[in-house]
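Structure record follows, encoded as structure tokens.
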Amino acid sequence: MIITKLHGGMGNQMFQYALGRALSLRCKVSFKLDIGTYKIKNPSVQRHYDLDVFNIVEEIAQEKEIPPLYRIGEQNPFLSKSKKLLKKIFKNKGNEKFFHFDSRVLSSGPDVYLDGYWQSPKYFEGYEDVIRKDFTLKNTPTQNIQNLAKEISEARALCIHVRRGDYVGNPDHEVVTKGYYNQCIGEISKTKSISKIYVFSDDIDWCRNNLSFSFPTMFVENEYAGTKGEGHMFLMSLCKYFVIPNSTFSWWAAWLCSYKDKIVICPQKWFPDESIDTSNLIPKEWIRI
């Protein structure tokens, strides 16, 4: 059995799911999700299990199926430190060793507990069609989302995603600048005709007050987000061109886009810590600026 520990927001969960799903198919074994992280209250950023909005293979692991070491509660500081120490002592072949792609994980099945971020399309290479199908919406979007989807599909639409929220003032992340967006739009407009820009964000009011472009622009409100943000991801994926920040949410929206001539531009610098190797995160067709 393959069990994947889920943590973080929707984009992170999608990467974690994708590796577990691909590995279970490779090994021809069952696949389950450990969502215990979301039962713990976090005073800074409270995340939630988000993947139930998609047509995924959804089996939730029971506590008895999870290795004992991973049942230790993280809400207790002492237990959390003890857990980190024990992980170093008792090696688990499913622990992520570093950020960049680790091919050894692909041979860790058929019985493994996966604990990591796994942010590379190389982890589900060969299973892209399955992952795309799994990440289609489970429920029919509301009428307003359907109406906007039609508009975007028929336009030469450029998606701008602005990630703020917990990134503002966070030393582990960095908010990209307004200059970055203008530079990227200029780059795309050299070769492509843009009919309209659609701006998506977790802080759409800030975007409306601080961003202005020389193309017709729609700031997509939260009424199009759906229950867990899936409406925004669905709408973003229908655009033809993308300017994304260092966000896994918009990474997936761009990756799920099926337009054969799509252009995706993302930041050269994904983390403030430049020692983190992100070379396997970005598909070779995408442009880094």
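Values quoted throughout were computed directly from the atomic coordinates according to the rules given, and no laboratory measurement underlies them. As the structure is a computational prediction, the values presented were derived from the model and not from experiment. A quick note on method: Cβ atoms are made from the backbone with ideal geometry, for glycine too, and the neighbour counts reach across all protein chains shown.
Numbers below:
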{"read-out": "Reciprocal of mean inverse Cα separation for the stretch 143-288 (Kirkwood radius, Å)", "value": "15.5 Å"}
{"read-out": "Among 137-143, 252-258, 179-185, the order from most to least packed when residues are scored by Cβ within 10 Å on average", "value": "252-258, 179-185, 137-143"}
{"read-out": "Pair residue 132, residue 208: separation of 7 Å Cα→Cβ label points (nm)", "value": "3.5 nm"}
{"read-out": "Between 0 and 90°, nearest 10: helix 178-189 axis offset from the chain longest Cα axis", "value": "70 degrees"}
{"read-out": "Ellipticity estimate at 222 nm from DSSP helix runs (n ≥ 4, -39,500 (n - 2.57)) divided over the chain, nearest 500", "value": "-9000 deg cm²/dmol"}
{"read-out": "Ranked packing of 109-119, 147-157, most packed first, by mean Cβ within 10 Å", "value": "109-119, 147-157"}
{"read-out": "Student exercise, the chain dipole from Lys, Arg, Asp, Glu Cβ charges, in Debye to nearest 20", "value": "560 debye"}
{"read-out": "Links that overshoot a 21 Å alpha carbon limit, given the list 28/138; 32/93; 178/284; 5/97; 41/269", "value": "28/138; 178/284; 41/269"}
{"read-out": "The chain - Debye-derived log10 I(q)/I(0), Cα point model, q = 0.11 Å⁻¹", "value": "-0.68"}
{"read-out": "Residue (of 61, 135, 253) at the positive-pole extreme of the chain, dipole from beta-carbon charges", "value": "61"}
{"read-out": "Rounded tilt (10° steps) of 77-89 against the dominant C-alpha axis of the chain", "value": "70 degrees"}
